[in-house]
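Peer 1: Sharing a structure here in structure tokens format.
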Amino acid sequence: MNKNILRIAIQKSGRLSEDSLKLIKECGIRFDNGAGKLKTDATNFPAEILFLRDDDIPGYVEDGVAHLGIVGENVSEESSKNVDTVHRLGFSKCRLSIGVLREHEYAGVQDLEGKSIATTYPRLLGKYLESNGVTAQIHEISGSVEIAPSIGLADAVCDIVSSGSTLLSNGLKEVETIFKSEAVMIASKNLSDVQQDLLDQLLFRIKSVQVAKN
Ligand code: PRP
Ligand code: ZN
Ligand code: MG
């Protein structure tokens, strides 16, 4: 693999996609973003952009297949991959929360004892329950988590909340916040000297963009 370029992985489509692309462009990096293309070369910086499922990004960065990634801290933490978080990006803020049916009375975390909770975040949820001394059944599903209580699949959900509209439209209320998240830049631990230098240049540009905005 070419050790003189940076491969930057960003989310193909989802909450982080637009702001991730915008950040790269604001750093002055130009590339041709053809529809449906999953890999593109930058034209004025030694970089390639990969468009991936966000959940896959920490693993690619750990393996060094991508050198940098932009992901939600929620995804990075859940993955527990061995990567460096090199910068907090300040966008795509959200929280990982527990929700229950609106008509359910809820007095506190002890009410979850013995219940089943559907989630895409079994690791973060497991840690939270354990630290609160609660034993519940974690039901891992990969998407459309918020439907679970209304179809009898689980008593509660643990999922990402941003505006809150997904919870609301599925008859749920937010009862606990277990993790606060924003987009972060993660880097592989095995960068070549050239790649580390490129990363430093990129971070310098990102910080300048952030300062200009504040
Ligand atoms: C999250 C979560 C909800 C939605 C909540 O999905 O799974 O579906 O956002 O947002 P809201 O509070 O504004 O309605 P995410 O964008 O992380 O996508 P993914 O789970 O498909 O990766
Ligand atoms: Zn996802
Ligand atoms: Mg979702």
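Peer 1: Given the rule -39500 (n - 2.57) for each run of at least 4 DSSP H residues, summed and divided by the residues of the chain, what is its mean residue ellipticity at 222 nm, to the nearest 500 deg cm²/dmol? Walk me through the numbers before you get to the answer.
Peer 2: Values: 6 runs with 60 residues, N = 214.
Result for the chain, helices only: -8000 deg cm²/dmol.
Peer 1: Let me ask something additional. If you take every DSSP beta bridge whose two residues both sit in the chain, what share of them, in percent to the nearest 5, is antiparallel?
Peer 2: If we restrict to bridges inside the chain, about 65 percent are antiparallel.
Peer 1: Give, to the nearest whole percent, the P(r) tail of the range 94-181 beyond 16 angstrom, counting all Cα pairs. Each step should come with its number before you reach the end.
Peer 2: Details: 1700 of 3828 pairs.
Roughly 44 percent, once rounded to a whole number.
Peer 1: So for the range 54-115, Kirkwood radius off the Cα pairs, Stokes-Einstein at 20 °C and 1.002 mPa s: how many µm² s⁻¹? Write down the numbers at each step before the final one.
Peer 2: Details: Rh = 14.3 Å.
Translational diffusion coefficient: 150 µm²/s.
Peer 1: How big is the C-alpha Rg of the range 1-110 next to the rule-of-thumb value 2.2 N^0.38 Å, as a ratio? Don't skip to the answer; put the middle values down first.
Peer 2: Working: Rg = 17.0 Å, N = 110, 2.2 N^0.38 = 13.1 Å.
In units of the 2.2 N^0.38 Å rule of thumb, it is 1.29.
Peer 1: Work out the P(r) tail for the chain: percent of alpha carbon pairs separated by more than 23 Å, whole number. It would help to have the intermediate numbers written out before the result.
Peer 2: Details: 11426 of 22791 pairs.
Value for the chain (Cα pairs over 23 Å): 50 percent.
Peer 1: Under 25 Å between alpha carbons, and skipping anything fewer than 8 positions from K39 in its own chain: which lysines qualify?
Peer 2: Within the straight-line limit of under 25 Å, K39 reaches these lysines: K3, K12, K22, K25, K81, K189.
Peer 1: Where does helix 122-131 land angle-wise versus the long Cα axis of the chain, in degrees 0 to 90, nearest 10?
Peer 2: Tilt relative to the chain: about 60 degrees.
Peer 1: Still on this structure, please answer the following. Using only Cα atoms, find the angle between the long axis of helix 17-26 and the longest principal axis of the chain, and express it within 0 to 90 degrees, rounded to the nearest 10.
Peer 2: 30
All of the numbers you see were taken from the coordinates with simple rules; none came from a lab. A quick note: this is a predicted structure, and the numbers were derived from the prediction, not measured.
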